[in-house]
Amino acid sequence: MSATTKSHGDCTKVVDVQNIELTESPSSHHHPDHNNALRPPSWIAALSPAERQDLEKKLKRKIDWRLMPAVLIMYFLNYIDRNNIAAAKLANLERDLNLSSVQYQTSVSILFVGYLLMQLPSNLFLNKFGKPAIYLPCCMIVWGTISAATSACTSVTGLYVVRFLLGFVEAAYFPGCLYYLSCWYTRSELGLRTAILYSGSLLSGAFSGLITAGVVSGLDGARGFHAWQWLFILEGSATIFVAFACFFVLPNFPRTTSWLTEEEKSLAVWRLEEDVGVDDWVGGEKQTFWQGAKMAFTDFRTYVLMVLLFCIVASGTVTNFFPTVVQTLGYSRIHSLLLTAPPYVLAVIVTFANAWHADKTGERYFHIAVPMCVAIVAYIIAATTTHVAPRYLSMMLMVPSVYSSFVVAISWVSNTMPRPPAKRAAALAFINAVGSFSSIYASYLYPNSAAPHYTVAMVVNCVTAFVAVCAATAMRMILSRQNKRLARGEWVDGAINVEGFRFKL
């Protein structure tokens, strides 16, 4: 089948069924395009509801066990390698490289310059290349090597170069993996799987302090290396080892995965098509680099979601300096590193619970707005008291609230822009890249001189959390109006204009 054209009044839509590209030139009149009935493969149509449910459960279990542990461990190491410089600071990185406070802050922020620049090109390339099982582990090997090479830095210039390159290569992973998951799971399943992925970063926050405490107490000076050098060597080496293992574990896309039977491939593809009404990833030759980007950039909802994600990430930049913030409680270096773990452990639990409930109910807005309101309270407490108990309580609240909100918000992007795949890939990368921009300036909000309150940083975090709630409210109102138009049979730009499709609110 090549292309069909349907004309209704003055609104024309061309649907290229093989290329899965949409060309729209609507005016906003009624568009009764909802008579495009979906036709499942005959063997799926012949199944009873109980048989279909049983087969889907087995398929999801098979995919989950191959895909989710691998992407979780990969993201754990991605985040470890990105943020271990914060732990290295407590292992005397500043002293040994003779860094000023501003130079250290710049070494933190410069990573995000490379991280921001590479996300969109990387996702568009991944969409075109169509082999995430090769692309993502290759990127992982490179960034693991760069991370380990940080141990050889002897000057601030070398540290800047290594950190920039690390961000440039690491940029491939998180937005690429978000797109990757959206090619395997339906919209109602994506929130929980995103939470599983993101728990890798939370676990890295919990274990980073523990690992650093062990390295500082046991390896400082061993074989002539400082503790911070051992930190980069060990964590970078672990990344390389896991990357090689992932070559043999990760699947590509549903149509191109060798360890699925033909029936399982057919069911995996049909589930996604049934979810939104059109097919998903077909093949690299069917995907265009720039048409997807153009469709994302001309959809005004991209910019509302961009503000939402930017503000959530901006309010959560405190996690980039969490060991330093925890140290203001006044405990020893080792105890401070150990105290970084409990907030992240709680964050894993809260994030899973929030994402699971969001998927179960199909609701997005309150699962984003409520945690951000908790974050506002946490930042106010942190900025206004020096007492240990309330300050540590604020730290226990700020990490879970920001992360649990972010996970649901990022899945909202995939829910809102499900097809075509090139548009979804571009939107995820662009929105995540702009969100990362806040990490460039954030390091300058946490100079040593601002301890223990870090008042300016906490005020900025508080304001951006409030703006995130406002952006989420605006997004819900927009999607609610568009759902009403879809229910009336009107054409909606950027929607999947088939019977039954509605945006998640």
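The values are calculated or read from the model by the stated rules, or taken from the named source; none is laboratory data. Note that the structure is predicted; figures quoted are calculated from it, not measured. All Cβ positions, even for glycine, are placed from backbone atoms using ideal geometry, and neighbour counts span all protein chains on display. Each accessible area value is taken on the protein alone, full model and side chains, heavy atoms only, with ligands, DNA and RNA left out. Shrake-Rupley method; radii C 1.70, N 1.55, O 1.52, S 1.80 Å.
Looking at Val142, is it without any contact (Cβ under 8 Å) to a residue 60 or more places away in the chain, among the aliphatic types (A, V, I, L, M) and more than 16 Å from Gln229 (Cβ to Cβ)? Here the answer is yes, as Val142 does meet what is asked. Of the helices (runs of 4 or more DSSP H) lying entirely inside region 354-472, those carrying at least 3 residues that are open to solvent by 10 Å² or more (accessible area, probe 1.4 Å) and free of Cβ contacts under 8 Å to residues at least 60 places away in the same chain are 365-384, 388-416.
In the condition set (1) surrounded by 22 or more Cβ atoms within 10 Å (Cβ to Cβ); (2) modelled with pLDDT under 90; (3) not in a loop (DSSP other than H, G, I, E, B), Asp280 is compliant with all but (3).
Regarding Val469, is this residue aliphatic (A, V, I, L, M), over 23 Å from the mean Cα position of the chain (by Cα), more than 30 Å from Glu499 (Cβ to Cβ) and not assigned by the TED database to the domain that holds Cys177? So Val469 does not fit the description; no.
Every listed requirement among (1) part of a helix (DSSP H, G or I); (2) under 30 Å from Val318 (Cα atoms) is met by Leu99 save one, (1). Counting only residues that are under 21 Å from the mean Cα position of the chain (by Cα), open to solvent by 10 Å² or more (accessible area, probe 1.4 Å) and under 20 Å from Arg333 (Cβ atoms), region 66-120 holds 1 of them. In the condition set (1) touching a residue at least 12 places away in the same chain (Cβ under 8 Å); (2) open to solvent by 10 Å² or more (accessible area, probe 1.4 Å); (3) farther than 25 Å from Phe437 by Cα; (4) part of a helix (DSSP H, G or I), Tyr160 is compliant with all but (3).
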